[in-house]
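These notes concern the structure reproduced below.
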Amino acid sequence: QVQLVESGGGLVQPGGSLRLSCAASVSISRIYIMGWYRQAPGKQREFVAHITSNSYTYYADAVKGRFPISRDNAKNTVYLQMNSLKPEGTTVYYCKADQGDANYWGQGTRVTVSS
């Protein structure tokens, strides 16, 4: 069982930045893929970015170049640095741990981009 706790959400103006954190209850060096997803009200959850155990990264086209993902194995934490945020209203960002035979999700952290 893997528990994930996201943090770092909040209210930010368009063009601003936020850094989200996802703290895992186990060593993330043992987790194959750590990823970020997001869900806006009334929409399906969508992929944002992921990072593998060997630090290979992959991004959705919508965030490529703006939302670098990183990991700190010593802290068992994955980060999503969100830059140049667009005025998209409120979105909940979720962390996901993919161990191949099981997936685990955090409870989400809310991000509101508004002036």
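Every read-out reported here was derived from the displayed coordinates using simple, explicitly stated rules and does not represent laboratory data. Please read these numbers as outputs of a predicted model, since none were measured by experiment. All Cβ positions, even for glycine, are placed from backbone atoms using ideal geometry, and neighbour counts span all protein chains on display.
Entry for the range 30-86 at q = 0.17 Å⁻¹: log10 I(q)/I(0) = -0.56, Debye formula applied to identical alpha-carbon scatterers, no solvent contribution. Computed from the alpha carbon positions, the gyration tensor of the range 1-59 leads to an equivalent ellipsoid with semi-axes of 23, 14, 13 Å, biggest first. Among the lysines of the chain, pairs that are 8 or more positions apart or on different chains and have alpha carbons within less than 21 Å of each other number 6. Across the chain, the relative contact order, built from alpha-carbon pairs under 8 Å that are at least six residues apart, equals 38 percent.
Looking at the chain, which longest stretch skips every one of the chymotrypsin sites (Phe, Trp or Tyr not before Pro) that is in a DSSP loop with at most 14 other Cβ atoms within 10 Å, leaving the sites themselves out? Walk me through the intermediate numbers first.
Numbers: sites that count: 32, 56.
Between exposed loop sites, the widest span is 57-115.
Pairs of alpha carbons in the chain separated by more than 19 Å make up 39% of all such pairs. Highest GNM mean-square fluctuation among 64, 86, 43, for the chain modelled with Cα contacts below 10 Å: 43.
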